[in-house]
C-alpha cells in the first residue's frame, strides 16, 4: 500500500466526506418528503374529505391546498439555495476567505472575532432577504394573509436589528471571552450563562421587547374576561394579565399563546382570533394551552433544552480544539491550534460559526422523533381542554382556525410524521365530539 494511503483515513477527510454525505442525504430526504406532500395535496384538492364536508366549503379547501402547494414548491427552491450557501461557507471556502480578510484588516484580537460573527450574520441575512420578501409580499399577499406594509416591515427590520445588536454583541463577547479565558471547561461556564440568559429573556421579553413591535391592550370584553378567569381558576393557573395583541397589523393568521415565566406569565390573544371565534371557542383554545402547563410540557421542554444545549456546548468545547474540525470543513485555523507553542489569533469565532452551520446537517434526522413527542403533547392538551370545556367548542375552533389559516386538511402521512409538530386535523378531530354543520 502506498505510504500516503493513511491520509485517506485522516480525521479531516473523514469529516469532509461525512459532512458532504449527510448534506446530500438530508437534501434528498427533504426533497422526497416535499414532493410527496405536493403530490398528495394536489391529488386530494378537488374534493373535501368526508369528515369535513359539512363545515368546510370546497373553495376554502382548494385555497388551503393551493397555499400549501405554493409554499412547498417555494420551499424546494429555498432548500436548494440553503444547501448551496452552506457549501459556499464551508467546503468552497467562503468562511475561510472572510476570516482571512478580516485577520489582515483587524489583526487577531477580539475585534476581529466579533467582526467575523457580525459579518457572517449580515451576509446570511442579505442572502435570505429576497426569500423573506417574496414569502411576505408575494405568497402571503396572494392568499390574503399579509397585512404588513413595506414601511412597517422596514421599521420591524430596523428594530429587530438594533435589539439583536444590543443583546447579541455583549452575549457573543462574553462567550468568546470565556472560550479564551476560562480554561478547558469554558463550555460549562458558557452553558450556565446561556441558560440563565434564556430564563431572564422569558421574563424580559413580554414586558420590554414584545411591546416594541406590537400593542398589547388589556382584554376589554367583560364577559369573555370573566369566562377566561373562571377557567384559569378551575385549572389552578395564575397569570399577570389577559392581553389582546394587534396581530392584524401584520398578518391575518390567528393565534393565542402564553408568554413569560413565573410571575411574569401573561395570556395573549391575537385580535384576529377574537374576531373569528365565539367566546366558548376562545375558552376551549385557552384550555388547550392550559393543558400544556398542567402536563408540564413547557417544563419538560426546558429540561430537554438544558440537556441538549449542555451536550452541544460540551461537543463544541472538544471540537474547537481539533484542527481537523476546521480543515475538514474548508477553513484554515490559526497557527496556534496547529502549533501549540505558536502565538496567533484565536479560532473561537470560527468554531462557533462552523458548529452552528454543521450541527443541523447531522441532526436533521432527529426531526421525526421530536415531532412525535410534540404531537403526543398536543393530544394530551386536547384531552385536557375537553375535560374542562366543551369538546364541541374545541373541535369547532380548530376547524375555523384550519380554514382561516388555510391549513391543508389532506397532508401526506409520511410528511406529517417527519415535520408536523401538531397532529393533522383528521387525527385531532377524530378524538373530539362531532361538529354540527354551520
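Need the failing condition index for residue 279 against (1) over 21 Å from the mean Cα position of the chain (by Cα); (2) buried (at least 17 other Cβ atoms within 10 Å of the Cβ); (3) more than 28 Å from residue 186 (Cβ to Cβ), just the number.
With respect to (1) over 21 Å from the mean Cα position of the chain (by Cα); (2) buried (at least 17 other Cβ atoms within 10 Å of the Cβ); (3) more than 28 Å from residue 186 (Cβ to Cβ), residue 279 is out only on (2).
Tally time: how many residues in the stretch 114-144 are touching a helix residue (DSSP H, G or I) at 6+ places or on another chain (Cβ under 6 Å) and part of a loop (DSSP other than H, G, I, E, B)?
The qualifying residues number 1.
Return the pairs, sorted by first residue and then second, in which the second residue is assigned to a helix (DSSP H, G or I) and crowded, with 16+ Cβ neighbours inside 10 Å, the first residue lies in the stretch 178-207 and is without any contact (Cβ under 8 Å) to a residue 12 or more places away in the chain, the beta carbons are less than 7 Å apart, and the residues are 6+ apart or on different chains.
From residues that are without any contact (Cβ under 8 Å) to a residue 12 or more places away in the chain, the pairs are 182/189; 189/178.
Does residue 61 satisfy being under 16 Å from residue 415 (Cβ atoms), touching a helix residue (DSSP H, G or I) at 6+ places or on another chain (Cβ under 9 Å) and in contact (Cβ under 8 Å) with a residue 24 or more places away in the chain? Reasoning before the result, please.
Details: under 16 Å from residue 415 (Cβ atoms): no; touching a helix residue (DSSP H, G or I) at 6+ places or on another chain (Cβ under 9 Å): yes; in contact (Cβ under 8 Å) with a residue 24 or more places away in the chain: yes.
No: the conditions fail for residue 61.
Go over the candidates 243, 193, 258 one by one and state the one that is within 17 Å of residue 293 (Cβ to Cβ) and within 27 Å of the chain's Cα centre (by Cα).
Working: 243 fails: within 17 Å of residue 293 (Cβ to Cβ); 193 fails: within 17 Å of residue 293 (Cβ to Cβ).
Going through 243, 193, 258 in turn, just one is within 17 Å of residue 293 (Cβ to Cβ) and within 27 Å of the chain's Cα centre (by Cα): 258.
Just to be sure before I move on: is residue 398 outside any loop (DSSP other than H, G, I, E, B), surrounded by 17 or more Cβ atoms within 10 Å (Cβ to Cβ) and without any contact (Cβ under 8 Å) to a residue 40 or more places away in the chain in the structure I sent? Steps first, please.
Values: outside any loop (DSSP other than H, G, I, E, B): yes; surrounded by 17 or more Cβ atoms within 10 Å (Cβ to Cβ): yes; without any contact (Cβ under 8 Å) to a residue 40 or more places away in the chain: yes.
Yes; evaluated as a whole, the condition is true for this residue.
Return the only residue of 268, 204 being crowded, with 19+ Cβ neighbours inside 10 Å, within 28 Å of residue 162 (Cβ to Cβ) and either at pLDDT below 85 or under 21 Å from the mean Cα position of the chain (by Cα) (or both). Even if it seems obvious, please write down each step before you answer.
On the way: 204 fails: crowded, with 19+ Cβ neighbours inside 10 Å.
Answer to the selection: 268.
Going through the stretch 317-328 one residue at a time, which ones are outside any loop (DSSP other than H, G, I, E, B), in contact (Cβ under 8 Å) with a residue 40 or more places away in the chain and over 11 Å from residue 191 (Cα atoms)?
The answer is 323, 324, 325, 327.
State which residue is farthest from residue 295 (Cα to Cα) when the search covers only the stretch 423-438 and only residues that are within 26 Å of the chain's Cα centre (by Cα) and surrounded by fewer than 18 Cβ atoms within 10 Å (Cβ to Cβ).
Step by step, filter the stretch 423-438, then rank; the result is 426.
I'd like to know if the stretch 86-99 contains one or more residues that are buried (at least 16 other Cβ atoms within 10 Å of the Cβ), in contact (Cβ under 8 Å) with a residue 12 or more places away in the chain and within 19 Å of the chain's Cα centre (by Cα).
Checked against the condition, which is being buried (at least 16 other Cβ atoms within 10 Å of the Cβ), in contact (Cβ under 8 Å) with a residue 12 or more places away in the chain and within 19 Å of the chain's Cα centre (by Cα), the stretch 86-99 yields at least one hit.
Just for the stretch 39-58: of the residues that are part of a helix (DSSP H, G or I), touching a helix residue (DSSP H, G or I) at 6+ places or on another chain (Cβ under 8 Å) and in contact (Cβ under 8 Å) with a residue 40 or more places away in the chain, which one is surrounded by the most Cβ atoms within 10 Å (Cβ to Cβ)?
Going through the stretch 39-58, the residues part of a helix (DSSP H, G or I) turn out to be 39-43, 50-52, 58.
Then drop every residue that is not touching a helix residue (DSSP H, G or I) at 6+ places or on another chain (Cβ under 8 Å), which leaves 40-42, 51-52.
Subsequent filtering for residues that are in contact (Cβ under 8 Å) with a residue 40 or more places away in the chain retains 40-41, 51-52.
Working: 40: 19, 41: 22, 51: 15, 52: 20.
Of everything passing the filter in the stretch 39-58, 41 is surrounded by the most Cβ atoms within 10 Å (Cβ to Cβ).
Select from the stretch 401-438 the residues that are in contact (Cβ under 8 Å) with a residue 60 or more places away in the chain, more than 23 Å from residue 66 (Cβ to Cβ) and in contact with a helix residue (DSSP H, G or I) (Cβ under 8 Å, 6 or more places away or on another chain) and list them in ascending order.
Within the stretch 401-438, 430, 435, 436 meet the criteria.
Please state which of the following conditions residue 354 fails to meet, knowing it meets all the rest: (1) surrounded by 15 or more Cβ atoms within 10 Å (Cβ to Cβ); (2) touching a helix residue (DSSP H, G or I) at 6+ places or on another chain (Cβ under 6 Å); (3) within 30 Å of residue 176 (Cα to Cα).
Of (1) surrounded by 15 or more Cβ atoms within 10 Å (Cβ to Cβ); (2) touching a helix residue (DSSP H, G or I) at 6+ places or on another chain (Cβ under 6 Å); (3) within 30 Å of residue 176 (Cα to Cα), only one is false for residue 354: (2).
For the stretch 211-247, which positions are in a helix (DSSP H, G or I), in contact with a strand residue (DSSP E or B) (Cβ under 9 Å, 6 or more places away or on another chain) and surrounded by 15 or more Cβ atoms within 10 Å (Cβ to Cβ)? Give the derivation first.
Residues of the stretch 211-247 that are in a helix (DSSP H, G or I), as a first pass: 211-212, 222-235, 247.
From what is left, the residues that are in contact with a strand residue (DSSP E or B) (Cβ under 9 Å, 6 or more places away or on another chain) are 224-225, 228-229, 232, 247.
Once the filter is applied, which keeps residues that are in a helix (DSSP H, G or I), in contact with a strand residue (DSSP E or B) (Cβ under 9 Å, 6 or more places away or on another chain) and surrounded by 15 or more Cβ atoms within 10 Å (Cβ to Cβ), the stretch 211-247 yields 224, 228, 232, 247.
Here is a yes/no grid of residues against (1) within 22 Å of the chain's Cα centre (by Cα); (2) modelled with pLDDT under 95; (3) under 18 Å from residue 184 (Cα atoms); (4) in a helix (DSSP H, G or I):
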position	(1), (2), (3), (4)
333	no, yes, no, no
354	yes, no, no, yes
382	no, yes, no, yes
385	no, yes, no, yes
392	no, yes, no, yes
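When residues of the stretch 403-430 are filtered for being part of a loop (DSSP other than H, G, I, E, B) and within 18 Å of residue 373 (Cβ to Cβ), how many remain? Spell out the reasoning first.
Going through the stretch 403-430, the residues part of a loop (DSSP other than H, G, I, E, B) turn out to be 405-412, 420-424, 430.
Pick out the ones that are also within 18 Å of residue 373 (Cβ to Cβ) and you get 420-424.
Summing the residues that are part of a loop (DSSP other than H, G, I, E, B) and within 18 Å of residue 373 (Cβ to Cβ) in the stretch 403-430 gives 5.
Any idea how many residues of the stretch 125-156 are surrounded by 14 or more Cβ atoms within 10 Å (Cβ to Cβ) and touching a residue at least 12 places away in the same chain (Cβ under 8 Å)?
Matching residues across the stretch 125-156 total 15.
The values are calculated or read from the model by the stated rules, or taken from the named source; none is laboratory data. Quick caveat, the model's predicted, so the values are computed rather than measured. Glycine also receives a Cβ, built like all others from the backbone with ideal geometry; neighbour counts cover every protein chain displayed.
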